[in-house]
Amino acid sequence: MYSEGMSTSDTSDRLIESTRELLWERGYVGTSPKAILERAGAGQGSMYHHFKGKPDLALAAIRRTAEEMRATAEGVLDGPGSPYQRIEAYLRREREVLRGCPIGRLTMDPDVMASDELRAPVDETLDWLRERLAGIVEEGKEQGRFASGLVGEEVAATIVATVQGGYVLARASGSPAAFDVGVRGLLALLSPR
């Protein structure tokens, strides 16, 4: 299980990564300390050596998931191209559609939503994403590439809702096609005239 040659930061990292995966797969209640330790290949006392307990470890995992999601989105949204092309790149980027969004799934977890501390990185990430997308829409309006009547905040909320709803529809049907249809429909609506 725990190798003496392994550093404590490696163990901490494995615990966080294992918790991230388990939260995505099972939710907070279904993520037991035993399951975390088994997945991480860590010894029984290692979780409490690195973290105060399951809530502390879950918070570290949620923060890392939020940071990763922001970095991935930023990489596409800050990329080359017109505002429409950057939004299109965000919508069409590679995703594990049938697994759902790791941040979106947390919003459906009553234990995460009941905790101000666990919910905060989720809220902050979704707020950041909407603000970033709204800014791109406003940029496109200023360039005359989007209709002047569009409201950046509304379009940004629609983009996020399409992505999150696309995950739900894809999971329900067992096919990523439902996600793709939603993306194509939204892009057709946003397409520069």
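The values are calculated or read from the model by the stated rules, or taken from the named source; none is laboratory data. None of these values were measured; they are calculated from a predicted model. Heads up, the Cβs are rebuilt from the backbone with ideal geometry, glycines too, and the neighbour counts pull from every protein chain shown. For the accessible areas, the whole protein counts, side chains as well, though only heavy atoms, and no ligand, DNA or RNA atoms are used. Shrake-Rupley method; radii C 1.70, N 1.55, O 1.52, S 1.80 Å.
Take region 104-133 and flag every residue that is of a type in the set (V, I, T) and touching a Leu at 6+ places or on another chain (Cβ under 7 Å). Step through it out loud before you land on a result.
Taking region 104-133 and keeping what is of a type in the set (V, I, T), we get 107, 112, 122, 125.
Correct list: V112, V122.
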#### Entry: Filter result (surrounded by fewer than 18 Cβ atoms within 10 Å (Cβ to Cβ) and assigned to a helix (DSSP H, G or I)) within region 184-193
R184, G185, L187, A188, L189
#### Entry: The lone exception for A71 - which of (1) closer than 27 Å to V183 by Cα; (2) surrounded by 16 or more Cβ atoms within 10 Å (Cβ to Cβ) it fails
(2)
### Summary
Considering region 114-140, residues that are without any contact (Cβ under 8 Å) to a residue 40 or more places away in the chain, assigned to a helix (DSSP H, G or I) and open to solvent by 50 Å² or more (accessible area, probe 1.4 Å), and then whichever is farthest from A178 (Cα to Cα), we arrive at D116
## Note on the structure
Within region 141-157, of all residues that are in a helix (DSSP H, G or I) and buried (at least 19 other Cβ atoms within 10 Å of the Cβ), the one farthest from the chain's Cα centre (by Cα) is G152
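From the list R95, R105, which one is within 23 Å of A161 (Cα to Cα), surrounded by fewer than 20 Cβ atoms within 10 Å (Cβ to Cβ) and under 12 Å from the mean Cα position of the chain (by Cα)? Please lay out each step first, then the result.
Details: R105 fails: surrounded by fewer than 20 Cβ atoms within 10 Å (Cβ to Cβ).
It is R95.
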### Query
Only one of these conditions is not met by V160: (1) open to solvent by less than 30 Å² (accessible area, probe 1.4 Å); (2) in contact (Cβ under 8 Å) with a residue 60 or more places away in the chain; (3) within 30 Å of A60 (Cβ to Cβ). Which number is it?
(2)
#### Entry: Residues (touching a Leu at 6+ places or on another chain (Cβ under 7 Å), of a type in the set (A, V, I, L, M, F, W, C) and open to solvent by 70 Å² or more (accessible area, probe 1.4 Å)) located in region 163-180
none
